[in-house]
1. Under 5 Å between amide H atoms, partner at least 5 residues away or on a different chain: which partners does LEU185 have, H built in plane at 1.01 Å?
2. Can you give the FRET efficiency to the nearest 0.05 for SER488 and GLN293, using r as the Cβ-Cβ distance and R₀ = 25 Å?
3. Which residues' amide hydrogens lie under 5 Å from the amide hydrogen of SER251, considering only partners 5 or more residues apart or on another chain, with H built in the peptide plane?
4. Taking the Cβ-Cβ separation of ALA444 and THR116 as r and a Förster radius of 41 Å, what is the calculated FRET efficiency to the nearest 0.05?
5. First select every other residue whose beta carbon is under 15 angstrom from the beta carbon of TRP449; then total the charges, Lys and Arg +1, Asp and Glu -1.
6. Counting Lys +1, Arg +1, Asp -1, Glu -1, what net charge surrounds CYS459 among other residues with beta carbon under 11 Å of its beta carbon?
7. Whole-Hz ³J(HN,Hα) for each residue in the range 240-248, computed from phi via Karplus 6.51 cos²θ - 1.76 cosθ + 1.60 with θ = phi - 60°, x for glycine and proline: what do you get?
8. Can you check what the net charge comes to around ALA160, using other residues whose Cβ is under 12 Å from the Cβ of ALA160 (Lys, Arg +1; Asp, Glu -1)?
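The values are calculated or read from the model by the stated rules, or taken from the named source; none is laboratory data. All figures in this text were calculated on a predicted structure; none of them were measured in a lab. Here Cβ is always computed from backbone atoms with ideal geometry, including for glycine, and neighbour counts include all displayed protein chains. The protein model used for the area step is the full one, side chains on, heavy atoms only, and it has no ligands, DNA or RNA in it. Shrake-Rupley method; radii C 1.70, N 1.55, O 1.52, S 1.80 Å.
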Amino acid sequence: MADEKVAPPVDDRAKPLKPNYLKLVFHHVVSNALFLCIPPLLALLFPRLSPTSLASPQLSPHSAVAGSTLLGLAAALYMLRRPRAVYLVDFACFKGSSAYVAPRVTILAKFTGGGTFTEETVAFQRKMLERSGISDEAYIPASLLCNPPDMCYRTAQEEAETVIFGAVDELFRNTGVASRDVGVLVTNCSLHNPTPTYSDMIVHRYKMSADVITYNLSGMGCSAGLIAIDLVRQLLQVHPKSYALVVSTESMTLNAYLGNNRSMLVTNSLFRMGGAAILLTNRLRERRRSKYQLIHTVRTHKGADDRSYSCVTQEEDAEGKVGVALSKDLMGVAGNALKANISTLGPIVLPLSEQLLFLASLVLKKVLKLEHVKQYLPDFKLAFEHFCIHAGGRAVLEELEKSLGLSPWHMEPSRMTLYRFGNTSSSSLWYELAYCEAKARIKAGDRVWQIGFGSGFKCNSAVWRSLRAIKSAKNMRNSNPWSDEIDSFPVQVPKLVPLMP
């Protein structure tokens, strides 16, 4: 049997995530102070250049012209430097039919049913499934429900088309936007990279315009969906009056692991079939019907560190079977990546009072060496009303709940997404946001923080502001993956749920 990489969690799992961003907070506070000083400074330096003084008869014509020109240039410069707003018109998530429902006992039988598996492997897989926090209603592709599993290129392509076209069809139906009006298309799938690409498949299926700008992101892990959002944000700064389509998914067909290496068996227990399609735009006239505005994106890459780089890898085991290996260092690596990410995001989104409290505790502890002073952990609940944390697994969610000081209510969308749909990779964030909408939790002006983790190792964030209240979707059966069952949630998920025969 191959060497086992699974081991008890490293010590730094228990440590709260305390971002070290003294310098960033200091610069942010100073820049805010300077910004507030600009109006009175201008009033002192150019008292005659106010709108009232420009209209004054005592002002000479030359001074009036000069003043008007200066103000006009300042306004033009501001408009030129101001980034274009990016709006999220709508999004859609794939929801499988009953034909794709895979009880955990079925998964155990399919993934350990041959004669090549040891008793230890079967027992470990059973243990992982019982503690996964995933229900018996999540989906896997038809290729893995066959007996034996039909893991080939053809069935992988069928899985991709089922998920992608299902989500995109619904998105176009809900928004009424014509496919030929889409100017930017970005797709992401980490482990299945066919030729032609996913983006080519979409262009062909929906007969998109020949000048559509397409990108296909691969091998970037579960955080690739937010990388796609950030890429679209940048593209929409230089392509005015455009629609952009983002499609996020992952493929299971070719990536189920059928070996005995424990570090590779974890993915069999967690990953399920799913995907999402998101329509964004920079068209100002679309603001009225859009759901959200993209406020910030922050991307953190820790790949320069050896431990971070090698904690999630696709590789062969001792028997030549390919799988995705998860290192024992994963939780510690994810914690460090999150620290780095919120070190950048915190000074941008946190209230000034929280920044000053953190800065004061940091000075007392690090500068004045007062060891008895407890370092202050900023309260991110003051910056966001809703949290969509990648449903990577129960342990990840429990750690982030503790580290960020969140309540069960804040964690509910992530926990229920893991329970109902499993880990659908980068698209899980959209099932979570759909849960918030189906529960009618989103009010006008609410801020949403999406957090994604991925191999490499990466931690990415996106911050959205709601442009309007989102009404409950429970009576709109085709617009939300939760709509026909939202009244059944939340549910209590025990730490261990035995597999039923």
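1. Correct list: ILE213, THR214, TYR215, LEU245.
2. The calculated FRET efficiency here is 0.20.
3. Excluding prolines and chain starts, which carry no amide H, the hits are SER190, LEU191, HIS192.
4. 0.15
5. Summing Lys and Arg as +1 and Asp and Glu as -1 gives -3.
6. +4
7. These are the phi-based 3J(HN,Hα) values: x, 6, 10, 9, 10, 10, 10, 10, 10 Hz.
8. Summing Lys and Arg as +1 and Asp and Glu as -1 gives -3.
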